[in-house]
Amino acid sequence: MLDLARLRALHAVSVHGTVGAAATALGYTPSAVSQQIAKLERETRTTLLERRGRGVALTEEARHLSATAQELMAIVERAETELEERRGLPAGRLTIAAFASAARGLLPGVLADLARRHPALDARMSEIDPHLSIDLVAKGAVDMAVVHDWDIAPLPTPPGVEQAVIGDDLCDLVVPAGHPLAGRDSVRREELKGERWITQPPGLVCHEWLVRTLREAGCEPDIAHTAEENPTLVALVSAGLGIALIPRLGRGTVPDGAVTVRLDPLPVRRLYALWRAGAARRPAIAETVRTLQEHWPAAAPAPTPETLGATPETPGTAPETLGAAAG
């Protein structure tokens with residue numbers, strides 16, 4: 001009989017692309033994952049991984065076996081969900097993927113709260129880009145993802161994945177303290193022509209939002225520096241090297257060398273929790289979503305009608321209705 005843990009290791013390599021990434025997602029060492037797959041190869045008398053340069057690739061047999069493993073894992077998930085639902089308490093392992101600023105500014109308090117209130121729940125987080133984590137939820141590689149979208153990039157939720165709003169994250173224009181815009185109450189996008197920008201690398205949502213939005217306002221952004229971490233962007237602005245548009249979540253304290261200015265209209269990104277429809281009945285899912293929403297006001301100041309320019313939608317989905325949340 002095939003061992004489920006070994007099938008899970010193969011499926012993780014299939015989803016994440018490398019043994020190292022699969023090990024990180026599973027909480028194992030790369031050597032442990034390699035050993036699991038080697039044992040699976042002996043059990044099946046089949047070559048499952050082939051060397052490709054410095055990495056590995058799944059054989060055709062491995063891809064078929066990985067698809068079967070996904071089906072088996074879905075059956076196990078349903079069984080675990082039914083048991084947890086009968087107990088009525090959050091329990092078991094819950095894997096969460098979260099993007100960088102949520103992992104830094106929101107998840108530490110949420111995970112600590114869950115551990116304190118629900119000792120039978122083993123919640124584990126991995127920092128993963130939203131574009132990747134959505135697919136990981138759909139494929140069953142993680143139980144839940146914390147993701148975000150912008151007005152120009154709506155969240156592409158695949159079939160079978162449900163969602164709940166966590167909250168709206170406001171974004172500020174951050175400029176050097178001596179910059180001509182530093183004393184302004186607000187700045188319109190059309191006034192930003194000729195500025196040197198510091199932003200995230202191409203391919204990330206924040207970068208694409210900045211480029212497209214400024215172009216629509218008649219400004220071609222001059223991007224001087226790129227960095228993935230928001231604190232790094234703030235440090236570069238504080239050094240007088242350019243200006244940046246940075247969300248408040250996980251940004252940290254703005255140093256003396258920089259100030260924030262309201263950009264009009266005010267950019268807002270929305271955070272969501274995602275999970276598979278089949279796991280919606282798990283008390284662990286409902287409790288984690290509820291805890292994310294409870295911690296949100298402390299993680300990022302809530303928008304008001306005055307800051308948004310209109311009455312915002314009420315964020316959040318009541319825990320009792322999680323199973324009916326639209327995917």
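Report, in degrees rounded to the nearest 10, the 0 to 90 angle that the Cα long axis of helix 283-299 makes with the longest principal axis of the chain.
Computed tilt is about 20 degrees.
Is there a quick way to get the dipole size of segment 42-92? I mean about its Cα centre, with the Cβ of Lys and Arg at +1 and of Asp and Glu at -1; what is the value in debye to the nearest 20?
For this selection, approximately 380 debye.
So which residue, out of G17, G218, G53, gets the largest mean-square fluctuation from a GNM of the chain using Cα contacts under 10 Å as springs?
Its mean-square fluctuation being the largest, the pick is G53.
May I ask for the distance between the Cα centers of segment 107-181 and segment 220-270, given as a whole number of Å?
For segment 107-181 versus segment 220-270, the Cα centre distance is 20 Å.
Looking at the chain, send over the antiparallel percent of its DSSP beta bridges, to the nearest 5.
Here the share of antiparallel DSSP bridges comes out near 60 percent.
Would you please state which residues of segment 207-237 a label at T253 would reach in this model, taking the label point 7 Å out along Cα→Cβ and a backbone N cut-off of under 14 Å?
No residue qualifies, since no backbone N sits under 14 Å from the label point.
Could you give the angle, 0 to 90 degrees to the nearest 10, between helix 4-16's Cα long axis and the longest principal axis of the Cα atoms of the chain?
30 degrees
So for segment 34-108, averaging the separation of alpha carbon pairs under 8 Å that are six or more residues apart and normalising by length, what relative contact order in percent results?
Reported relative contact order: 13 percent.
Hey, if we sort E195, E71 by accessible area with the 1.4 Å probe, largest down, what's the order?
E71, E195
Can you give me the Cα centroid spacing of segment 54-88 and segment 34-50 in angstrom?
17 Å
Pop out the ³J(HN,Hα) list for segment 263-269 in order, Karplus 6.51 cos²θ - 1.76 cosθ + 1.60 with θ = phi - 60°, rounded to Hz; leave Gly and Pro as x.
With coefficients 6.51, -1.76 and 1.60, one gets 9, 10, x, 6, x, 9, 10 Hz.
For segment 1-130, what proportion of DSSP beta bridges, expressed in % and rounded to the nearest 5, is antiparallel?
Among the beta bridges of segment 1-130, antiparallel pairing accounts for roughly 35 percent.
State the label only: which of [x] 26.2; [y] 21.6; [z] 24.5 corresponds to Kirkwood radius over Cα pairs in Å computed from the shown model?
Here the calculated entry is [y].
Enumerate the amide H contacts of A123 below 5 Å, restricted to partners 5 or more residues apart or on another chain; note that Pro and chain-start residues carry no placed amide H.
For A123, whose amide H was placed from the backbone, the distant partners under 5 Å are L94.
Starting from the amide H of A177, placed 1.01 Å from N in the peptide plane, find each other amide H under 5 Å away whose residue is 5 or more places distant or on another chain.
Amide H neighbours of A177: A258, V259.
Pairs of Cα atoms under 8 Å, at least six residues apart: use those to get the relative contact order of the chain, whole percent.
21 percent
Can you give the extra length, in nm with one decimal, that the chain gains between A38 and E294 once fully stretched, where that is 0.36 nm per residue apart less the Cα-Cα distance?
Contour length minus Cα-Cα distance gives 87.7 nm.
If you rank E43, E287, E127 by how much accessible surface each has, with a 1.4 Å probe, what is the order from largest down?
From most exposed to least exposed: E127, E43, E287.
Against the longest alpha carbon principal axis of the chain, how many degrees, from 0 to 90 and to the nearest 10, is the axis of helix 60-87 turned?
80 degrees
With contacts defined as alpha carbon pairs under 8 Å and 6 or more residues apart, what's the relative contact order of segment 130-203 in percent?
Relative contact order comes out at 17 percent.
Leaving out ligands and nucleic acids, and using a 1.4 Å probe, what accessible area per residue does the chain come to in Å²?
It amounts to 47 Å² per residue over the chain.
Report, to the nearest whole %, how much of the accessible area of the chain belongs to carbon and sulfur atoms, 1.4 Å probe, protein only.
Answer for the chain: carbon and sulfur cover 51 percent of the accessible area.
Among A112, F99, L65, which residue has its Cα positioned farthest towards the positive end of the charge dipole of segment 58-114, with +1 placed on the Cβ of Lys and Arg, -1 on the Cβ of Asp and Glu, and the dipole taken about the Cα centre?
Final value for the positive-end residue is A112.
The values are calculated or read from the model by the stated rules, or taken from the named source; none is laboratory data. It should be emphasised that the depicted structure is a prediction, and the values quoted were computed from it without experimental measurement. So basically every Cβ, Gly included, is an ideal-geometry build from the backbone, and we count neighbours across all protein chains shown. Ligands, DNA and RNA are stripped out before the accessible areas are found, and what is left, the full protein with its side chains, is counted by its heavy atoms. Shrake-Rupley method; radii C 1.70, N 1.55, O 1.52, S 1.80 Å.
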